[in-house]
Amino acid sequence: MKRTAFFISDGTGITAEALGNSLLAQFERIDFSKITLPYIDDVEKARSVVARINKAGATDGHPPIIFDTIVDRAIRSEVSKADAFMVDIFGTFLDPLEKELNASSSYTVGKSHAIANESNYEKRIHAVNFALDNDDGARTRQYDEADVILVGVSRSGKTPTCLYLALHYGLKAANYPITEEDILDQKLPAALRQHRSKLFGLTITPERLATIRNERRPNSRYSSIKQCMYEVEEVELMYRRERVPYLNTTAYSVEEIATRVMVMTGIERQR
């Protein structure tokens with residue numbers, strides 16, 4: 001079965017996407033076509049959206065699903081005229097909160113993603129710059145400033161995880177690739193030894209690693225299953241011998257990897 005899901009907002013649509021995707025992920029047997037429509041901030045745009053939703057429903061033969069975070073009641077009312085199943089995220093939660101708190105919501109667009117705290121915003125920007133400057137072992141002299149240093153073989157997920165930790169949590173995350181030379185030495189690279197307490201290892205199944213590497217360098221020794229098996233086995237031996245905590249990233253998204261790194265290291269979120 002195919003169903004179309006719309007994430008609609010008079011802001012960025014990030015909140016609608018995040019909650020909507022989390023809910024739809026529970027229905028693995030249904031094929032969802034997902035469409036995000038941000039900045040639907042006037043009634044005319046809402047009418048255009050309704051036409052698009054109804055067209056999708058006619059094509060699918062089933063009413064679309066709508067996840068919306070529209071705070072303007074007139075716009076939300078217009079969208080609700082669509083022939084669809086509508087999940088009003090703000091309405092579902094704001095109304096009971098208003099009653100419990102005995103206060104009215106400000107109904108302000110984009111409030112959850114606004115720069116409400118200038119220092120936290122600056123901290124995230126600095127953390128992103130730190131992650132970029134300290135990517136792939138390019139620099140090591142700033143490791144004293146790092147909150148965490150991710151290590152692992154090439155293409156095991158270090159860079160995207162560092163950037164996610166920086167952008168979402170304001171953490172200074174560096175990463176260092178474990179090379180074949182390091183594996184032959186069978187000890188931590190010299191640049192990492194004094195920062196042992198900050199190290200966290202990432203690993204991955206050889207099959208998945210070979211698939212990822214083949215996208216970058218097809219039919220090469222680097223991407224061969226034999227080479228991947230060798231590197232993964234040896235780097236995991238290094239982790240255990242050097243007592244570096246580590247995580248197999250194969251089955252996890254970057255969001256899950258980042259969160260598990262924080263839980264396993266005890267690092268607190270900075271935002």
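Mind checking the per residue accessible area of region 1-53 for me, 1.4 Å probe, whole number of Å²? Walk me through the numbers before you get to the answer.
Working: 3020 Å² over 53 residues.
Here the per-residue accessible area is 57 Å².
Using the Karplus equation 6.51 cos²θ - 1.76 cosθ + 1.60 (θ = phi - 60°), what ³J(HN,Hα) coupling, rounded to whole Hz, does each residue of region 211-224 give in order, writing x for Gly and Pro?
Residue by residue, region 211-224 yields 4, 5, 5, 5, 5, 8, 9, x, 6, 10, 4, 3, 9, 5 Hz.
What number, in nm² with one decimal, is the all-direction average of the projected area of the convex hull of the alpha-carbon atoms of region 25-110?
Details: hull surface 26.4 nm².
Averaging across all directions leaves 6.6 nm² for the Cα convex hull.
Computed FRET efficiency, Cβ-Cβ of S48 and E100, R0 25 Å: what is it to the nearest 0.05?
Values: r = 36 Å, r/R0 = 1.45.
Plugging the Cβ-Cβ distance into 1/(1 + (r/R0)^6) gives 0.10.
Can you give the relative contact order of region 129-269 as a percent, counting alpha carbon pairs under 8 Å and 6+ residues apart?
27 percent
Given R₀ = 25 Å, what would the calculated FRET efficiency be for S197 paired with E122, taking r from the Cβ atoms and rounding to 0.05?
The computed FRET efficiency comes out at 0.40.
Based on the alpha-carbon set only, what is the convex hull volume of the chain divided per residue, in Å³? It would help to have the intermediate numbers written out before the result.
On the way: hull volume 45.7 nm³, N = 271.
Enclosed volume per residue, from the Cα hull, is 169 Å³.
Test of understanding: in a Gaussian network model of the chain with alpha carbons linked when under 10 Å, which of F27, F90, F200 would top the mean-square fluctuation ranking?
Result: F27 has the largest fluctuation of those listed.
What is the spread of the Cα atoms of region 190-233 along each of their three principal axes, largest first, in whole Å?
38, 17, 17
Rg (Å, one decimal) plus Dmax (Å, integer) for the alpha carbons of region 111-237?
Looking at region 111-237, its Cα Rg and Dmax stand at 16.3, 53 Å.
Provide the gained length on full extension for the span D136 to F85, in nm with one decimal, where the gain is 0.36 nm per separating residue minus the Cα-Cα distance.
Result: 13.7 nm gained on full extension.
Return the long-range amide H neighbours of A5 (sequence gap of 5 or more, or a different chain), with a cut-off of under 5 Å between placed amide H atoms.
Residues meeting the amide H criterion: S33, K34, I35, I65.
So what is the relative contact order for region 198-271, in percent, with contacts set as C-alpha pairs under 8 Å and at least six apart? Each step should come with its number before you reach the end.
Details: 63 pairs, mean separation 28.7, N = 74.
Answer for region 198-271 is 39 percent.
Just how large is the dipole of the chain about the Cα centre, in debye to the nearest 20, putting +1 at every Lys and Arg Cβ and -1 at every Asp and Glu Cβ?
Details: 36 positive and 38 negative charges, 107 e Å.
Once rounded to the nearest 20, the dipole reads 520 debye.
As I understand it, the dipole of region 146-271 uses +1 on the Cβ of Lys and Arg and -1 on the Cβ of Asp and Glu, about the Cα centre. Which of L188, G266, I178 lies farthest toward its positive end?
Looking along the dipole axis, the top candidate is G266.
Quote the FRET efficiency, to the nearest 0.05, computed for K2 versus K187 with a Förster distance R0 of 51 Å and r equal to the Cβ-Cβ distance. Spell out each step's value before the answer.
Working: r = 53 Å, r/R0 = 1.05.
My answer for the efficiency is 0.45.
Counting alpha carbon pairs within less than 8 Å and at least 6 residues apart, what relative contact order, in whole percent, applies to the chain? Intermediate results must be reported in sequence, preceding the final value.
Values: 427 pairs, mean separation 38.8, N = 271.
Result for the chain is 14 percent.
Can you give me the long-range amide H partners of V87? Hydrogens built in the peptide plane at 1.01 Å from N, cutoff under 5 Å, separation of 5 or more residues or another chain.
I66, F67, D68
Could you please state how large a percent of the accessible area of the chain is carbon and sulfur, counting protein chains only and using a 1.4 Å probe?
Whole-percent figure for carbon plus sulfur exposure: 50.
The values are calculated or read from the model by the stated rules, or taken from the named source; none is laboratory data. A quick note: this is a predicted structure, and the numbers were derived from the prediction, not measured. Don't worry about glycine lacking a Cβ; one is built from the backbone with ideal geometry, like all the others, and counts go over all protein chains shown. The area values use the complete protein model at the heavy-atom level, side chains included, leaving out ligands, DNA and RNA. Shrake-Rupley method; radii C 1.70, N 1.55, O 1.52, S 1.80 Å.
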